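Trainee: Input: one structure, supplied below.
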Amino acid sequence: MTQTTDSALRLSIEVAVGVDRALDVFTKDFDRIKPREHNMLGEPIEETVLEPRSGGRLYDRGASGATCAWGAVLVFDPPHRLLLGWNISPHWQLETDPTHASEIEVTFTALDDSHTRVDLGHRNLGRHGDGWQSLRSGREAPDGWPLYLDRYAALTAEG
């Protein structure tokens, strides 16, 4: 399910794993969730790293060792909440001013011991300024957040 508001996008899925495992897969396997073609590095991506801690980084690393930090872990509150800073402008340039960055909040709600609802909200898109609507459109397109969540759901199903 996808919902949009003026400057936010919300998606929700259910996965057949407990809440601890749901968060673990999202953070530790983010490299397998993010498509390699979503690349601002300037060379092929070898690895995408989500450092699962408040103050952590979200970055791509290439074969040469070069990195592109395109996000930040603002809040890591296991097993229920992850808040990321999205530091990519609508023109696919790095955004260095945090007041112009949007946020991705991912919450994990236990439905029972073996099922979790995962809500992903990409909010404050208007902070990006001119062109923010195209950023929202790109993130809600099939190759945006829905693709990430599809890959995530497949990983949780692997057991």
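Read the figures in this text as sums done on the coordinates, not as results from a lab. What you see is a predicted model; the values in this text were computed from it and never measured. With ideal geometry, Cβ positions are generated from the backbone for all residues, glycine too; neighbour counts draw on all protein chains shown.
Trainee: Give a residue-ordered list of calculated ³J(HN,Hα) values for the range 47-54 (Karplus: 6.51 cos²θ - 1.76 cosθ + 1.60, θ = phi - 60°; whole Hz; x for Gly, Pro).
Mentor: For the range 47-54, the Karplus curve yields 7, 10, 10, 10, 7, x, 6, 4 Hz.
Trainee: For the range 2-157, report the translational diffusion coefficient in µm²/s to the nearest whole number, using Stokes-Einstein at 20 °C, 1.002 mPa s, and a Kirkwood Rh over Cα pairs. Intermediate values should be presented prior to the final figure.
Mentor: On the way: Rh = 15.7 Å.
Diffusion coefficient, whole number: 136 µm²/s.
Trainee: Mind listing the phi-derived Karplus ³J(HN,Hα) values for the range 96-111, rounded to whole Hz, using 6.51, -1.76 and 1.60 with θ = phi - 60°, and x for any glycine or proline?
Mentor: 8, 8, x, 6, 10, 9, 9, 10, 10, 10, 10, 10, 10, 10, 5, 8
Trainee: Specify the angular offset, from 0 to 90 degrees and rounded to the nearest 10, of the alpha carbon long axis of helix 145-157 from the longest principal axis of the alpha carbons in the chain.
Mentor: It works out to around 30 degrees.
Trainee: For the range 119-126, in order, what is each residue's ³J(HN,Hα) by Karplus, 6.51 cos²θ - 1.76 cosθ + 1.60 with θ = phi - 60°, in whole Hz (x at glycine and Pro)?
Mentor: Computed from phi, the couplings for the range 119-126 are 10, 10, x, 9, 10, 6, 4, x Hz.
Trainee: Run lengths n ≥ 4 of DSSP H only: what is the helix-derived mean residue ellipticity at 222 nm for the chain, with -39500 (n - 2.57) per run over all residues, to the nearest 500? Provide the component values of the computation, followed by the final result.
Mentor: On the way: 4 runs with 36 residues, N = 159.
Rounded to the nearest 500, it is -6500 deg cm²/dmol.
Trainee: Residue farthest toward the positive end of the dipole of the chain, with Cβ of Lys/Arg at +1 and Asp/Glu at -1: which of Ser12, Ala157, Gln133?
Mentor: Of Ser12, Ala157, Gln133, it is Gln133.
Trainee: Moving on to the next point. Leu147 versus Asp20, label points 7 Å from Cα toward the beta carbon: distance in nm?
Mentor: If labels sit at Leu147 and Asp20, their model points lie 3.4 nm apart.
Trainee: Using modelled backbone amide H atoms (1.01 Å from N, in-plane), which distant-in-sequence or interchain residues come within less than 5 Å of Leu111's amide H?
Mentor: Those lying under 5 Å, H to H, from Leu111 are Thr116, Arg117.
Trainee: Could you work out how much longer the chain between Ser12 and His91 gets when fully extended? Use 0.36 nm per residue separation minus the Cα distance between them, nm to one decimal. Mind dumping the intermediate values first?
Mentor: On the way: separation 79, 0.36 × 79 = 28.44 nm, distance 2.67 nm.
Value of the extension gain: 25.8 nm.
Trainee: Hey, another quick one. Taking the simple approach of a point 7 Å from Cα along Cα-to-Cβ for both Ala157 and Asp29, what is their distance in nm?
Mentor: About 1.1 nm separates the two model spin labels.
Trainee: With axes computed from alpha carbons, what is the tilt in degrees of helix 19-28 against the longest principal axis of the chain, rounded to the nearest 10 within 0 to 90?
Mentor: The angle comes out at about 30 degrees.
Trainee: Under 5 Å between amide H atoms, partner at least 5 residues away or on a different chain: which partners does Glu95 have, H built in plane at 1.01 Å?
Mentor: When sequence neighbours closer than 5 places are left aside, the close amide H contacts are Ile88, Ser89.
Trainee: For Asp119 paired with Ala63, estimate the spin-label separation in nm (one decimal), with each label point 7 Å from Cα along the Cα-to-Cβ line.
Mentor: 4.3
Trainee: First select every other residue whose beta carbon is under 14 angstrom from the beta carbon of Thr109; then total the charges, Lys and Arg +1, Asp and Glu -1. Could you put the intermediate results ahead of the total?
Mentor: Values: positive: Arg10, Arg21, Arg81, Arg117; negative: Glu14, Asp20, Asp77, Glu105, Asp112, Asp113, Asp119.
The answer is -3.
Trainee: Expressed as a rounded percentage, what relative contact order does the chain have, with Cα pairs under 8 Å and six or more residues apart? Kindly include the intermediate steps, with their values, before the conclusion.
Mentor: Numbers: 333 pairs, mean separation 42.5, N = 159.
Normalised by residue count, the contact order of the chain is 27 percent.
Trainee: Now, a different point. Using the Cβ atoms and a cut-off under 14 Å, what net charge is assigned to the surroundings of Ile45, where Lys and Arg are +1 and Asp and Glu are -1? If you can, show how the numbers build up before the last one.
Mentor: Working: positive: Arg32, Lys34, Arg36, Arg61; negative: Asp31, Glu37, Glu43, Glu46, Glu47, Asp60.
Charge balance in the 14 Å sphere: -2.
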